[in-house]
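Below is one structure, written out as structure tokens; comments come after it.
Read the figures in this text as sums done on the coordinates, not as results from a lab. These figures come from a predicted structure and were not determined experimentally. No Cβ is skipped: glycine too gets one built from the backbone with ideal geometry, and neighbour counts run over all protein chains shown.
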Amino acid sequence: MKIISRLLFVCLLFYLNLSSYSLNSEEIKALNKNGQVIKRQDVLNFFRPANKALTAEKIDTDPIKLREAAIYSLNLLNSSKSNLSTTNPYILNQRLINIDRVKETLKFIIQLVENDQKTNYPYRILDPVFLNIHFSFLRWTGDKESAKNNGKTIFKDAIYLTHYATFEIVGSYQQSEEYKYALYSIINKNFENDLRFKISKQNILKGTLNLPEYKNKVKPLVWLSRDGLEEALMQGTAVVKMPDDKEFVFCVDKNNGFAYDKNIKDRKDQKRYWYFKPLNNNQKNKSSNLLDLGGVIFAGDIYNLGLGKIIAIRYKNRITRATEMRLGVLADSGGAFINNLYQLDFYGGIFTNYDDFYSWVRPMPKNVQAYIVVKK
């Protein structure tokens, strides 16, 4: 099971600023260097109104988490710091769903869940009949040509679904034989503006940053195993459990400017390295809420689709063979989703091991039907 590498949304919220949400200028430069230029696509080729009601034996969604994700997304859309290129993409929002309808949909779901929670009635958001009465659905037909060019196969009227998660990593306060690799924080402007671009991940692994000339330029935040380091670099958010059972959350800050090379299959051989920052207590409390929103967050091409869209995926459960549906919010992105109108990545939450993560993933197939959900 391949897990797509990305910067987890909570770190981007706190450290890359809402105005550069999901990809900062360094990421975009790296993408352009690889010839992967961000472009606006004609989404009208891939979306059309659904011509029949959606049916499902089960809607497998946590209404409370969906409400929290909707609140988070609505606040983002209403923020004066938000980047219009990611919250109000021109073609989709001008031709199919304007941003006011997106906000109305989020508000309606928030109110709906809150009212049902107060009355202790069954959650109406989990009733397919109710959904068909009160919502419209835009059917998403994946970009088959782009998928094929990237080695993916999608069926007719389907999109490609992948999954990602946050994994708890074991760390140490001190360097040791088992925990010999650090997450470093930049503490010097000269290093930030110049020196960091000259040091590859392989140099760092060999101990370059421990040399005297880098004293007072970087500092180790925590020591990890080799696999733990790669996990942190891939996730973008490192939830690290220490020997005394204390838990720390570290988020990506700046990278070393080396582009991610798709031709390198083993992630350990990539030259890119990320420097991290710790979250303060206030940020940690906010991040905990976001990190816990497993099962209601999708990552995708926000530059063409726009943040805050309610997404429904529909599929036949690979274990029970029943038709199921899941609801979530498009609230994350990453380098793999630039000009990508054939794929979504589904966030599973925090896991302590891969077996539990794979158990969560197993019922969902690679190809699913996908819809943008809008209040009527």
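Can you tell me the order of 136-144, 264-272, 110-118, 57-65 when each peptide is scored by its average per-residue count of other Cβ atoms within 10 angstrom, highest first? Let's see the in-between values first.
On the way: 136-144: 20.8, 264-272: 13.3, 110-118: 15.2, 57-65: 17.4.
With the highest mean Cβ count within 10 Å placed first, the list reads 136-144, 57-65, 110-118, 264-272.
Working out 0.36 nm times the residue gap between K268 and N45, then minus their Cα-Cα distance, what length gain in nm do you get to one decimal?
Details: separation 223, 0.36 × 223 = 80.28 nm, distance 3.83 nm.
Stretched out fully, the K268 to N45 stretch lengthens by 76.5 nm.
Just tell me which aspartates and glutamates come within less than 16 Å, Cα to Cα, of K271; anything on the same chain fewer than 8 places away is out.
E26, E27, D227, E230, E231, D261
K180 to R362: FRET efficiency via 1/(1 + (r/R0)^6), r the Cβ-Cβ distance, R0 30 Å, to the nearest 0.05? It would help to have the intermediate numbers written out before the result.
Details: r = 34 Å, r/R0 = 1.15.
That pair, K180 with R362, gives E of 0.30.
Run the numbers for K58 and V129: contour at 0.36 nm per residue of separation, minus the present Cα-Cα distance, in nm. Mind dumping the intermediate values first?
Values: separation 71, 0.36 × 71 = 25.56 nm, distance 1.15 nm.
Once the chain is fully extended between K58 and V129, it gains 24.4 nm.
Roughly what would the spin-label model give for N188 and K316, points 7 Å off Cα along C-beta, in nm?
If labels sit at N188 and K316, their model points lie 6.1 nm apart.
Kindly write out, for the range 352-357 in residue order, the coupling ³J(HN,Hα) from the Karplus curve 6.51 cos²θ - 1.76 cosθ + 1.60 (θ = phi - 60°), rounded to whole Hz, with x marking Gly and Pro.
9, 7, 6, 4, 5, 5
Residue-wise, which Karplus ³J(HN,Hα) couplings in Hz belong to the range 158-175, taking 6.51 cos²θ - 1.76 cosθ + 1.60, θ = phi - 60°, and x for glycine or proline?
Values per residue, Gly and Pro as x: 10, 10, 8, 10, 10, 9, 9, 7, 10, 10, 6, 10, 8, x, 9, 6, 10, 6 Hz.
Give me the aspartates and glutamates in straight-line cross-link reach of K65: C-alpha distance below 19 Å, same-chain residues under 8 apart excluded.
E104, E114, D116, D127, D292, E324, D332, D345
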